[in-house]
Amino acid sequence: MSEIVKTVCGILEGFIFVFGCYIVIYGHLTPGGGFAGGVILAAVFILIMLAFGKERILKITPRRRGALIESIGALSFLSIAWAGLYIRGIFFRNFITTNPDNHFNILSGGTIPLYNIAIALKVMAGLFLVFFVLSITRVILEGDKLKMVKK
Amino acid sequence: MTETMILSLLTLMILGSIIALESKDLLSSVIAVGAVGFMLSVIFLILRAPDIAIVQVVIEILTLIILIRVTISRDIHIIGDTREFLPFAMNLVLLLVFFIIAADAIRTMPEFGTGASKVALPYLSRGLTDTGAANIVTSVILDYRAYDTLGEATILFAAITGAITILRRKAKND
Amino acid sequence: MCLALFVVGLYGICCKKNLIKIVLGFIIMDYAVNLFIILIGYRKNGIAPILDKTMDVENFALSSVDPMPQAMVLTAIVIGLAVTALMVAICVRIYERYGTFDITKIRKLKG
């Protein structure tokens, strides 16, 4: 990719990352939430991969770590739900009691910001893994047959 | 006013999708689908659903990136688009029958614009005090209906694992 | 009205020979279904279901659009992306095996 694209992407990816984190954490006060924020965070990594090539992304997140982050997201979602069951007796119960004077604050959401973060981790790792695997397999033409090579 | 806006955008979307399906060049089909998706996001904004509009825009961009990455880097021959005449005619008849029956079924539904919110009134009135979240949609998907979100996470996991398993192979042809 | 969009998507699935066009038909059908669900929950001159410091709770409950379809569609859109990615992965494999995207030729070549 050309120099202009590389420079612009290098500057932009930090901003997009912060913006994605903002949408995830403020998900219970403004539109957004875990899904939208997670997809935006995945777009950051895809942007790095499109602009700089596969080598740079392989230094940051190899595939094992991507799968690990996705599993951590899923398991933490489940563990928060189980903690609700264990503490209050109903599955998924919102067990952090909220102070009624404290509305419209970050900390007034109870378990909802934690859920948002877990979902964002899961969605981000999953979508980035899919794009990574889709783009590192390439088809090369050998004589008559087409052979698929994983780089 | 909003209704005319929605209808005109919907007509544009139908035109765009017909262009996407009929055009001979794959790149212009993919771009047309992208345009349809962005128009859909604008319709979501008109329908007062900002959450959905954000998600739709970002996912539309990712879909475009995946499609272009897969279809353009391969060598695509231009192949004839529609099937032979007899299956094509049968398909058209089938689609016409489906369209007539479904339009009849839709006509019996309540009118556009009356909210079907008998279920959602308790969520709206008690959402803030029960959960402490000002965004009622978030409180619905993460507190009142968190089981559905768990199911959705499971589906994402299964689909992504399936995609990775399909594409993971060493350079061997079997 | 958005039934027409759904039928266009269905036409894309049934009547086209190119595999990528079939995937595009799926995507269009997905958009049509999500739009339909949100259209059901709309209230005329309604407001978005997000509370504000200045808003009155009872007024809000009577004048907001329905949040239930929006919650359902939110997850449905992300799942649509995952299914599209899966279909595209299958298309890549088919292209590797048969060398073409034409489904009539795929039927004729065996292995």
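Any read-out appearing in this document is the output of simple, stated calculations on the displayed coordinates, not a laboratory observation. A quick note: this is a predicted structure, and the numbers were derived from the prediction, not measured. Positions of Cβ are backbone-derived with ideal geometry, glycine not excepted, and every protein chain shown enters the neighbour counts.
General observations
- ³J(HN,Hα) computed for each position of segment B:17-32 - Karplus, 6.51 cos²θ - 1.76 cosθ + 1.60, integer Hz, glycine/proline x: 6, 5, 4, 4, 7, 9, 6, 7, 9, 5, 5, 6, 5, 5, 5, 5
- Computed extension gain for B:Arg69 through B:Ser8, at 0.36 nm per residue and net of the alpha carbon distance, reaches 18.8 nm.
- Label-point gap, in nm, between B:Ser23 and B:Phe99 - each point 7 angstrom along Cα→Cβ: 2.2 nm
- Ordering of B:33-45, B:3-15, B:52-64 by packing [mean C-beta count within 10 Å, highest first]: B:52-64, B:33-45, B:3-15
- Each residue of segment B:2-12 was assigned a 3J(HN,Hα) from its phi angle through the Karplus expression (A = 6.51, B = -1.76, C = 1.60, θ = phi - 60°), giving 5, 5, 5, 4, 5, 5, 5, 5, 5, 5, 4 Hz with x at Gly and Pro.
- 37 °C / 0.692 mPa s Stokes-Einstein diffusion coefficient of segment B:1-77, Kirkwood radius on C-alpha pairs, µm²/s: 248 µm²/s
- Here the simple spin-label model places points 7 Å from the Cα toward Cβ, and for A:Phe52 and A:Thr30 these points are separated by 2.8 nm.
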